[in-house]
Structure formats: structure tokens, C-alpha cells
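Have a look at the structure below, then the notes.
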Amino acid sequence: MKQVLTYATAIGLVLALAGTAGAQNFNDPEEFARQKEQLTMTPHGPEGQPWVQYLVDQMADTSKYKKEGASTVCFSNAGVNNPWRVVGFTNMTQEVALHPEIGNFVHVDAEGSDDKQIADIQDLLAGGNCDILIVSPNTTAALTPAVEAACAKLPVIVFDRGVQTDCPVTFIHPVGGYGFGIQGAQFIADNVEKGGNVLMLRILPGVDVLETRYSAGRRILDEAGLNVVGAEFTDGDNAKTKSIVEDYLQRGKIDAVWMDAGATAVAAIEAFEDGGHDIPVFVGEDQQDFLQKWRALDMKAIAPTYPSYQWRTPIIAAVSILKGESVPGPEWVLPQPAVTQDNLDSFINEKMPPLHYAMCGCEDMPNYPEAWGGTK
């Protein structure tokens, strides 16, 4: 049974991710430039369905994997232990229900443990029942050998986080961390005068997607001549976030707040409200509580996203691969839109839970909104 946990209770997963961070480059100018360009690309694929669109027009031949009859799709999941992953996994199970070609869907939850996920994959391979394997790796380096072992036996799809091998049929992911950092920081640069004070709020050090968000954001803010008054780690905790903001407000004016993830955005806003301060330019994320606060206070804000609709894509890819149909590969890069003032109203739904991620691409699915914890 899956449980909805807060970011504060998911810190164990994030700490596990930090273990492989040391050898990675989080400030790669070429990747920065590539993701910046991808943010502006017109995607290929059906309009209004970003979970099946793609930015890199290169296809993988999957004819050798064609299988007749109902299939067994196996999924090795890093975990279902934060709100984003809960929304995503609900997307995935609801997508499975749309495909009668899938006779059996096997899900194993690694609970944020590299060792458990490696053992899970070994067990799935030993059972010999999987026709295709989907992997959302807990950490990159640790899961690479397990993915390579799986590739030798069956087609593999990796999504969300990557591995250090090109053996999977495709690696599905949105634009990436640099793109997220660029979107938020550029909004601040466009709306705050040179010399303005910016507070950067982060969750934890050493996590690749968070580090690249920060490096991209910091680069843009520095180049715009903005004054970064601090870059503080909140541990994803609401009380700590609020305390940090209150401390900085005692030191002077804050013109903008940039966040590498928005789960505690409302707590940060409340620090300004409680102290009687004007709400600054703000970078949050696409949780309902932040979007609703944004509209209620008529804030100048943006919500970059790491779209949870990406959890639909591996199932769609698996069905296509087992039909021998080409799919984008070896990399399937999904669009990574942001919530802006222009489209804010379309993403707000007061009937959804506070930490529901609005960029779920799930509104067209038969069991929406109840399956995601919402009410009609």
C-alpha cells in the first residue's frame, strides 16, 4: 500500500541520492546550453499530449522485441516516498489500465535503497516472467551494473533518473535540472532590477538534479548583476524554511526568492506575510498549495516543473516496443513547461490535495480526480 509522505519524511531518499554525487559535474556549460535550447524547441508529437511528445527527433528500432499476445511489464521503482512520486506512480498505474495489451503489471518498490533495488531487479530477471523492464533508478552509478545485466536479457526502459550506460532502448526524461534552474532564474532576472537581493533556497546538497538547478540558476543571477544574499538548505522542512526566511528578512530587503524545489514554498511566503513584508518575485513549483497562494496574493511568480506526466510515458513506450514499433531513442526528451501567470488558472484545482502536482497530464484519464486523492 502506498502512503503519501511529506518532503520532510522523504529526506532519507534524498540523502541516498547524495552518495554518488561527488564524481559528477554539476556545472557543464555544454549541457547548460543544450537544455536552454531545448526549452525553446517545438516538440514533435500530438498537440496537447506532452507525455508522448519528444524534442530530439531520433528513433530507436524495436522490431526485434515484437511479441504476440498479452505481455508482462515489470517496473523497478526507486520509491513511492514523496508526493511527486505518489502522483507519478498513480499516473503510471492509471496508464496501465488503458492498455489491454498488458496482461500483467509487476511493481517492486526499492523504498529508496540501492541494495534493495539491485536485489529487486535480480529477482525479476531470475523469475523470467518479464517481457520488458522499466527502471526508475534510485541512484545513477549504483544501478548501472544492474541495468546492464537486465539489458542482456530483455528490453529495458529507464526514466526519471539516468544510468551510466546506453544499453536501454530509451531513457525517458524531461529537459532536466539546468532547464528548471534557467526558467526560474531568468524570470527573476527579467523582473528584478540589477543589484536586487535574491535569496536562494535549496533542499540538500549533492543531488544531481538539484545541483544542476542551482548551478544554472546561480549563473543566470550572477550574469544579471543580482545580489545573491544567501543560498540556504532547508532540508525540505516547512518550519526550517520559514525560520531561514525570517532570519534574512531581519537583515534587509529581499527582492526575490529562488527555490530548487517548491514543496516548502508556502512556508516561505508565510514568513513574508507574518512579518508584514511585501511578497517578492517568487520561484516555486507546481504543487496546488503554491499555485493557489500565488493567485490569492496576486504574486509575481513562476513555477518551473519536473512534470509528473513523465510517468505515463514508460508504459506507452513499453507497449510500443513490444509491438515492434519505433520509439524516440536512445533518449526520449519530453517537454518541460512552466506554470506562468498566463496559464496559472488552468492548473489550479481546489478539489485536489495541497501537494498534488498540477503538471500531471492526468486530467483526461478515466479515474481523475479520485485516484489522485481529489474530489469531484
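Count of the stretch 331-350 residues, restricted to those that are more than 30 Å from residue 36 (Cβ to Cβ) and modelled with pLDDT of 95 or more, is 1. Got a number for residues in the stretch 319-343 being touching a residue at least 40 places away in the same chain (Cβ under 8 Å) and out of contact with any strand residue (DSSP E or B) (no Cβ under 8 Å at 6 or more places or on another chain)? Final tally of qualifying residues: 4. List every residue pair whose Cβ atoms sit under 7 Å apart, with the two residues 6 or more apart in sequence or on different chains, where the first one lies in the stretch 284-300 and is farther than 12 Å from residue 339 by Cβ and the second, anywhere, is surrounded by fewer than 18 Cβ atoms within 10 Å (Cβ to Cβ) and of a type in the set (S, T, N, Q). Short answer, once both residue conditions are applied: 300/191. Within the stretch 314-337, being crowded, with 20+ Cβ neighbours inside 10 Å and either of a type in the set (A, V, I, L, M) or over 20 Å from residue 91 (Cα atoms) (or both) holds for 315, 317, 318, 319, 321, 322, 327, 328, 329, 333, 334.
Taking the options 148, 111, 95, name whichever one is within 30 Å of residue 302 (Cα to Cα), of a type in the set (D, E, K, R) and out of contact with any strand residue (DSSP E or B) (no Cβ under 6 Å at 6 or more places or on another chain).
On the way: 148 fails: within 30 Å of residue 302 (Cα to Cα); 111 fails: within 30 Å of residue 302 (Cα to Cα).
That would be 95, the only listed residue that is within 30 Å of residue 302 (Cα to Cα), of a type in the set (D, E, K, R) and out of contact with any strand residue (DSSP E or B) (no Cβ under 6 Å at 6 or more places or on another chain).
Identify the residue in the stretch 270-288 that is among the acidic types (Asp, Glu) and in contact with a Gly (Cβ under 9 Å, 6 or more places away or on another chain) and, among all such residues, is farthest from residue 198 (Cα to Cα). Checked the stretch 270-288; the qualifying residue farthest from residue 198 (Cα to Cα) is 286. Taken over the stretch 66-93, the criterion of being among the hydroxyl-bearing types (Ser, Thr, Tyr), over 22 Å from residue 309 (Cβ atoms) and surrounded by fewer than 20 Cβ atoms within 10 Å (Cβ to Cβ) is satisfied by 72 alone. Selection of first residues in the stretch 137-150 that are within 14 Å of residue 116 (Cα to Cα) and assigned by TED's automatic domain parsing to the domain that holds residue 79 and of second residues that are surrounded by fewer than 21 Cβ atoms within 10 Å (Cβ to Cβ) and among the acidic types (Asp, Glu), restricted to Cβ pairs under 6 Å at least 6 apart or on distinct chains, gives the following pairs, ordered by first then second residue: 138/114; 139/114; 142/114.
Look at (1) outside any loop (DSSP other than H, G, I, E, B); (2) surrounded by fewer than 23 Cβ atoms within 10 Å (Cβ to Cβ); (3) touching a strand residue (DSSP E or B) at 6+ places or on another chain (Cβ under 6 Å) and you find that residue 243 fails only one, number (3).
Just one residue in the set 146, 141, 150 is at pLDDT below 95, in contact with a helix residue (DSSP H, G or I) (Cβ under 8 Å, 6 or more places away or on another chain) and assigned to a helix (DSSP H, G or I); that residue is 141.
Restricting attention to the stretch 278-288, does a residue exist that is part of a helix (DSSP H, G or I), modelled with pLDDT of 95 or more and under 23 Å from residue 32 (Cα atoms)?
The answer is no, given that none of the residues of the stretch 278-288 is part of a helix (DSSP H, G or I), modelled with pLDDT of 95 or more and under 23 Å from residue 32 (Cα atoms).
Looking only at the stretch 16-40, residues that are at pLDDT 95 or above, loosely packed, with under 15 Cβ neighbours inside 10 Å and part of a helix (DSSP H, G or I) come to 4 in all.
For the stretch 94-111, the candidate set comprises residues that are in contact (Cβ under 8 Å) with a residue 60 or more places away in the chain and closer than 15 Å to residue 320 by Cα; within that set, the residue that is surrounded by the most Cβ atoms within 10 Å (Cβ to Cβ) is 95.
Within the stretch 1-14, one or more residues are at pLDDT below 80 and touching a Ser or Thr at 6+ places or on another chain (Cβ under 8 Å).
The values are calculated or read from the model by the stated rules, or taken from the named source; none is laboratory data. All figures in this text were calculated on a predicted structure; none of them were measured in a lab. Neighbour counts are summed over all protein chains in view; Cβ atoms, including those assigned to glycine, are modelled from backbone coordinates with ideal geometry.
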